[in-house]
Structure formats: structure tokens, C-alpha cells
Amino acid sequence: MTDAGPLSLNRVNQFYFNKLFVEKNNTALSAPSSGKVLLVDDHTMPTVAMSFTQTQLLQNDVILVEMLGGHNKPPPMKQLHCVVYVRPCRESIAFLCEELRLPHYGHYQLFFSNTVAKNVLEKIAAADEHEVVNQVVELFHEYCVVNDNMFCADMLGMVGSAAVEVSGHVMSLLLSLRKCPVIKYDASSLELKRLASEVLYGININSNNNLFEDVALQPPDAPILLIVDRKSDPITPLVTPWTYQSMIHELIGIDRNIVKLPGTNEQLTLSEEQDAFYQEAMYLNYGDLTDRFQKYVDDYKKQTKQSSIQNLKTQDLSELKRILTRFPEFKKLSDNILKHLNIISEIDKQISAKNLWVVGELQQTIVCGLENYQTIRAKLLELVADASFSCECKITLLLLYISKYPQNTADYNALIGTLQDPLTTNPPPNGMQITLLRNFRRVLRHSLETPAGTNTPANNNIGQLFSQNRIKIQQLFNSNDHTRNGPKNDNIYMQYVPKLEAMLHRLISPPESQSQAPGGLKLATMVPDVLGGDTAGDIGAARDIIVYFNGGISYEEARIARKISANNPGVSIVVGSDCILNSSLWLQRLCELARSGLETAVQPDRKAQLRDIL
């Protein structure tokens, strides 16, 4: 994988596809065969499914995809080559050795999604009694590519320390991008310090194997790995998004780039590489999306008008042949139009069913402080008492309100009481949700506190979190506005900006002093030995930035990263996490945090009581 050019995960996909199925570096593999079998495990199957299409596999003679260690053993097919693509974990290595002792196929190419220890290679060599292994390659692809600038590290079957597991995925990403970064993380988080230390250890260990030696750029030119805790910005996943990809995940759900529409068994695939409309529309706001889709339909009508029966009668043979050869293209285009029509129709249905025009406007009003406290309180009381709004929408609004106005505890009790009334909320909130509402600030105390020495009005404890997210409306759609000299859009639903934007601007244009730094985070730095270690100088303006959110990321943050990359020539940003959140998933995680937080808070009290007794 070349390290030239901007960071591109789609380019990594293409490079590894060629390694897996196209390149033939062995004479035995170059001989004609009747086809290939792809053997994967539970860890690499999602990567393959999200990275490569069935058409791509068939075009490269892959006629069968099997699970390593599956219950149904295939009959011997010695005429086929086998491409093995697995994670080098204990279970997969055991299954692989079992397969090699009794091989079902003629030759084997072994590809691993991360680094392989020497003792593991010795174990594989001992199992290869029939000498069927022709090639062993490390690919470094232990993550799923969601967008060209977004990845997801699948934590399937996690064993042992979470920090060690996550660091393995991050190391795989760094090696696939051929980047040796300076590591930055929230200095106040012990969990992030542990994760950063594991990544640093992995880089230093693998530098001894020359994996990072040839890609290392000395500071200040080195790329940056920014590790962020989701709890440092609990607000972004709660705010209803209004751009296409984000809305699909919020209102329908995207699971490994697959959308399942309610009430149907149909699975719709979203791919920015294979779907031109999706690539153009994925970051458009809802208003621009409907206009763009109408243009897409009109273009299709214009193209197919020439192929109507009446027009075909007037064409000469050469023109007729040209039109007929385009029929498969028209069919593909019409199927794509139908796919997006169904998705957009479902989004519109969900917006109406959940009253999101009202909910979304009130969310923006609260988080951006667009009206005074009394007006916001009155609107919130009215909405919580309205039975037509869902319990989840009300809880989301209350969490935003609690964050914005932390001192008004009397309001909380009244609002929670109204929320629990089955006449106003049906079904009413469960016990975990009530626990979350009553303990939200305690659970996320660090992220919702203003740095010491700052003084703000009644909402002082949350001022730092929200102050960076109030922006001028006329600057909202710079990335989407193709007529830059024309009038700007005013959109009440998109005034909130995720905290990530301020953090990225801080890295791209470093402040002169820490007190001037936006984003509300004090970042600590770790420098790998190959970059100079502790003796390295200050890091300059970042150009290549990799952001890992520990605890989940939103599609809106991927959109922000893409916008900043587009607006800053020479800057390239990739973001990712262990999961992609929407408001429902984040509420579930917050409820778990609230419960676990209370359980751990009880322990010091019991220890204090024991000391008193003794």
C-alpha cells in the first residue's frame, strides 16, 4: 500500500483485493485452475462483505465462500485453489491447522488480517504436512470500511483487556494506511491513557520488525492519532441529524452498510463506491436531498426517453444497437431510483410519526441557546405533557435540558414526574431510563463540567460544551453550496456542530497557548521511539489525522471530518470507532453507564463504613 496521496480507506480496499485475488506471485498459483474458494472466519467475514462485492469475487474466479471451522465439511475439491483470509486469533489458527492436516483443496494462500507471531507460523508450518501452503501474507485489515473516511472496528468475541483488543484494531489501521503517528488523547482520562499506551507499545514493538521504520515521518510532519472518549461529547449522538446517511441510521438503521426497511424482508445495500447517487447525496441536508433526488429521476427520464418504442422506430441500426446495449444500465439505474425512493419515503414517514420537525427544532433551541430559559422551559413542559410524542424523544430532550441548565433541579423533578404519567407518556419510561435522568450529570460529570477558572451565567457547568457549538447560520452549508456566491441557507435544524469540529481545527491550526485552545479538552501526547520518543519536538499543524472514538461514533462526525478535509487543501482525516451510534443506541449505553456508575459509587461508602467500624 503506497503512503502517497490523501488517506483513503477505499484505496486500501482495492489494494488488498488485488493482493487477495488478482496478484499471482507464485508459479503454482499462476497455473490454470477451475476456480477459487475463499475461506474466512467470523472476524473477516464482515470485512469481506463490506469491502468487496459478489460481482468482484466472481470476476476473479471466486466461486465459493466458506466459513473456516464450519459444521458442514465440504467434499475434497483438489482442482480448486483456496484463499484463506482470517484473523490470527487462537480459535481461527486452530481451525486452520485442522484444515491443513486434512486439506480439501489443491493449494492454499494464507492471508492474515494482522501481524502473526513467530510461534503461530511455526504451528501452521507443522500442520502443513501435505505441503499445500504456497503463500503466507499479513494484510493488516482488522476493521470494516464504512465510508472512504470512516472505519468500524468490530469487537466480535472480545477476549481479555479491552485496551489490548482495541489497540490491535488501531494498529491494523495504521499499518494498512502506512502511517506512524504521534498519539494524542484526553489527558484527564485514565482509560484513554491506557489505550494510548497500548498503541504506543504496539508501534514500538513492530518498529523492531521494520513495519514502521520505512513510513515514519519526523515531527512536525508526522500524522496524528487522536483518541477521544465518547463521554467527552455525550450530546452529539442525542441530537437528531438531518443529513441523508445520518438520517437513514437514525430512523431506519444501517448494519454493516445494509438497510432493512420495516415491514419488508428486502435488504438494501449502501455503497458510496457502487452507488453514484448515494455518494453525491450522503452528506446533503434533507431539503437539498429531495431536490437532488428529483434531479436524479429527471435525468433518468431524459435518458430513457430515447429508448421508447416510438423513438426506436426512427433510429438507424447503429443507433438502435447503441440504445439496446444500454438497457442493462437503465435497469440498474431504475432499481437504484426505486431503492432510494423507498428509503426516502420511509424517512419521511418516520419524521411525521415521531413529530421530528417539532422535536428537532426544540433540540437545536436547547443546545444552541437560541431562546431564553423561560421560553425553552415552557416549550419543553408543553411537549413532555403531550401524549403524541414518544417516550424516547422526551428523554432525549430532557437530557439535553439537564445538560444545558444543570442548576435547576426543581425543574427536573417536575419534568420527570410528568414524563412518568401514563396519561402523557405511553409506554412510560422504565427504571433504567429514570435512573439515567436522575444521575445524568453524575455519570458524565467530567465531560459536562466547565474548566476551572471560567465563569458563565446560570448554565455555567455546561458552558464549555455548548459554547463551541453555536455557529453563524450563513456558514452552515459552505461544503454543500455549489453556488458559493449565491445566498446562503438558513436551517434551524442544523445549527448544532459536533465538538469534533473544534478539536480538528485545533490540530490543523494549533493555538499559541493552551488557554486559547477550543474543544474543552487538554490533550496529552505520546511519541513513538521511531519518531524520537520523549525527545521529539513540538508537533506542528497536522495534515494527516486519524481519530478513534472510544465508545462509539456518529455519522455526523464523519460528515464533519469530510467537510474539514474538503475545506482545507492538504488535510486528510479518517475517523472510526468500535460501533456507529444513533440516539437509541446511545441512550442504551447511557443507561448502562448510569447503572454501573451507581454500583461503583456505592463501594467507597461501604469502605468508609468499614473503616469507621474498625
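Please work out the FRET efficiency for the pair S334 and Q56, using the Cβ-Cβ distance as r and a Förster radius of 22 Å; give the result to the nearest 0.05.
Working: r = 23 Å, r/R0 = 1.03.
Rounded to the nearest 0.05, the efficiency is 0.45.
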**Complete:** Each label sits 7 Å from Cα toward the beta-carbon; between Q303 and C579 the label points are separated, in nm, by 3.9
**Item:** Extension gain, Q274 back to T375 (0.36 nm per residue minus Cα-Cα distance, nm)
**Value:** 31.6 nm
**Request:** May I ask you to order 343-352, 164-173 by the average number of other C-beta atoms within 10 Å around their residues, highest value first?
**Result:** 164-173, 343-352
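Around I580, what is the net charge, scoring Lys/Arg as +1 and Asp/Glu as -1 over all other residues with Cβ under 12 Å from its Cβ? All intermediate terms of the calculation are to be shown ahead of the outcome.
Working: positive: R230, R256; negative: D154, E250, D255, E556, E557, D578.
Its environment carries a net charge of -4.
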**20 Å Cα-Cα reach of K231 towards lysines, excluding residues that sit fewer than 8 places from it in its own chain** = K184, K193, K404, K499, K522
**Message:** Run the numbers for T525 and N342: contour at 0.36 nm per residue of separation, minus the present Cα-Cα distance, in nm.
**Reply:** 61.2 nm
**Prompt:** What's the center-to-center distance, using Cα atoms, between the range 360-399 and the range 237-311 in Å?
**Reply:** 30
**Request:** For L523, enumerate residues with amide H under 5 Å from its amide H, sequence gap 5+ or separate chain, H modeled in the peptide plane.
**Result:** A187
**Request:** Can you bin the range 9-142 into rounded, prolate or oblate? Criterion: square roots of the alpha carbon gyration tensor eigenvalues sorted a ≥ b ≥ c, rounded for a/c under 1.5, prolate for a/b above b/c, oblate for the rest.
**Result:** rounded
**Request:** Could you calculate the FRET efficiency of E392 with H130 from 1/(1 + (r/R0)^6), where r is the beta carbon distance between them and R0 is 51 Å, rounded to 0.05?
**Result:** 0.30
**Prompt:** With each pseudo-label sitting 7 Å past Cα toward Cβ, what's the I205-R442 distance in nm, one decimal?
**Reply:** 4.0
**Message:** At 7 Å along Cα-to-Cβ for each site, give me the label-to-label distance between Q350 and L102 in nm.
**Reply:** 4.7
**Request:** For the range 9-142, give the magnitude of the charge dipole about the Cα centre (Cβ charges: +1 Lys/Arg, -1 Asp/Glu; no others), in debye to the nearest 20.
**Result:** 200
**Message:** Quick check: residue separation of I492 and K78 times 0.36 nm, minus the Cα distance between them. What number comes out in nm?
**Reply:** 142.6 nm
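Values quoted throughout were computed directly from the atomic coordinates according to the rules given, and no laboratory measurement underlies them. Please read these numbers as outputs of a predicted model, since none were measured by experiment. All Cβ positions, even for glycine, are placed from backbone atoms using ideal geometry, and neighbour counts span all protein chains on display.
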